[in-house]
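Here the structure comes first, spelled out in structure tokens, and everything after it is commentary.
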Amino acid sequence: MAGDTDGTGGNRGRSAEEAALSARLQSLGKRLAHQKGPGPEVETQSGSKSDPSAIARGFRLSTELVAGVLVGAFVGWVLDKWLGISPWGMIVFLLLGFAAGVLNVMRAAGVSSGPGQKPQ
């Protein structure tokens with residue numbers, strides 16, 4: 001009991017255990033780093049350049065849809081003026097433009113590969 005009151009014997013055992021544990025943790029860290037390969041800093045830098053941001057992707061998809069509708073409406077309007085078939089050219093080509101816009105959005109989003117091709 002007298003040996004326990006000074007506290008040096010318990011601290012020596014604990015510090016030796018802590019030193020052994022620290023050495024084992026360092027060894028494990030080195031082995032994991034060797035198995036893992038390059039650090040996460042390299043992966044985040046290369047991944048950020050190849051992957052577009054969500055806002056840019058949203059703008060691209062919305063632009064695809066709006067462009068299809070506008071081109072269809074313009075073609076319909078030109079045909080209405082040229083052939084004199086007042087609302088029918090606009091109606092038909094507006095619907096065709098909408099369908100083309102939706103198809104372009106699906107292709108850009110990766111849902112569809114195109115006509116006659118299976119999606120991946």
Among the residues that make up segment 44-60, is at least one of them modelled with pLDDT of 90 or more, hydroxyl-bearing (Ser, Thr, Tyr) and either in the same structural domain as Asn104 (by TED's automatic domain parsing) or not in a helix (DSSP H, G or I) (or both)? no
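Within segment 78-112, which residues are more than 19 Å from the chain's Cα centre (by Cα) and assigned to a loop (DSSP other than H, G, I, E, B)?
Pass one, segment 78-112, residues more than 19 Å from the chain's Cα centre (by Cα): 78-104.
Once the filter is applied, which keeps residues that are more than 19 Å from the chain's Cα centre (by Cα) and assigned to a loop (DSSP other than H, G, I, E, B), segment 78-112 yields Gly84, Ile85.
Can you spot a residue in segment 17-35 that is surrounded by fewer than 12 Cβ atoms within 10 Å (Cβ to Cβ), modelled with pLDDT under 95 and under 21 Å from the mean Cα position of the chain (by Cα)?
The initial filter retains those residues of segment 17-35 that are surrounded by fewer than 12 Cβ atoms within 10 Å (Cβ to Cβ), namely 17-35.
Those left that are additionally modelled with pLDDT under 95: 17-35.
Narrowing the set further to residues that are under 21 Å from the mean Cα position of the chain (by Cα) leaves none.
Scanning segment 17-35, I find no residue that is surrounded by fewer than 12 Cβ atoms within 10 Å (Cβ to Cβ), modelled with pLDDT under 95 and under 21 Å from the mean Cα position of the chain (by Cα), so the answer is no.
The values are calculated or read from the model by the stated rules, or taken from the named source; none is laboratory data. Just so we're clear, the structure is a prediction, and the values are computed from it rather than from any experiment. Note that each Cβ is placed from the backbone with ideal geometry, even for glycine, and that neighbours are counted across all protein chains shown.
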